Amino acid sequence: MARVVVTGSESTGKTTLATEVAAALGTQWVAEFARGYARQAQHDLTAADVEPIARGQRAAEELAIAAWHDAFDGTASPPPLILDTDLVSTTVYAEHYYGHCPPWILAEARARLGDLYLLCEPDLPWEADGVRDRPAERHELHIAFRARLREFGARVAPVSGSGPARLGTALAAVRMARALLDGSSRA
C-alpha cells in the first residue's frame, strides 16, 4: 500500500488538498489528528501534549490502513492512502514550539515514512481558525519541514499555486511517484 502525505506549515491548504486528491483518486484519506486534539483541548497546548498527539496520529493511521485494506485488497492497481500530515509533522512542530521532540516519535516518524510527501508551499493567504497561531512563521516552518524530509530521505514534491492548478500539480506528482514505485516493485 502506497501512502501519500500532504504536509507543510499551517494554513497552506493541506486538508483541502488531501480531500481533493483522495476524491480524484477514489481513495481514502486520514485527517490530521493534532487539529482535532487542539480544538478539543481545554488548555493551551504544551510539550506534555506532544506524545498524546503522536499516539493519536499513529492510531488514526492504523485505523485508516485497516479500512484501506478492507476496501482495496485484491484490487489490481489500488490507489494510495492519502494522509493529511503524519508523524513527521509532529516532530517538526514539537521542535518548533517546545525545542524538543521525544526520541521515540522521531524514530517512529522515520520508520513510518510515507512513499511521497506533497509539501505545500506557504503561498496561500493565511487564515485564522482558532488553532493556527503563527502566521509570521510559516516560511520558517516550511524550511524546517523541507529539512526534516531531506534528513529522513523522503520523496518530496513541492505543491504551489491555488485551485485546479494546485490539485493538478499534486496529482501529477502522485502519478509520477506511483510509476516509480510500480517500477521498483517489479525490479
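The values are calculated or read from the model by the stated rules, or taken from the named source; none is laboratory data. Note that the coordinates shown come from a computational prediction; the quantities given were computed from them, not determined experimentally. All accessible areas refer to the heavy atoms of the entire protein, side chains included, with ligands and DNA or RNA removed. Shrake-Rupley method; radii C 1.70, N 1.55, O 1.52, S 1.80 Å.
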> Taking the alpha-carbon centroid of each part, what is the distance from the range 12-42 to the range 70-113 in angstrom?
Replying inline: 13 Å
> Roughly to the nearest percent, how much of the accessible area of the chain is carbon and sulfur, given a 1.4 Å probe?
Replying inline: 55 percent
>> Per residue, how much accessible surface does the chain expose to a 1.4 Å probe? Answer in Å², no decimals.
In response: 49 Å²
>> If I fit a long axis through the Cα atoms of helix 50-72 and take the longest principal axis of the Cα atoms of the chain, what angle between them do I get, 0 to 90°, rounded to 10?
In response: 20 degrees
> What ranking of 145, 72 comes out by heavy-atom accessible area, probe 1.4 Å, highest first?
Replying inline: 72, 145
> In deg cm²/dmol and to the nearest 500, what is the mean residue ellipticity at 222 nm of the chain if only DSSP H runs of at least 4 residues count, each as -39500 (n - 2.57), divided by the residue total?
Replying inline: -18000 deg cm²/dmol
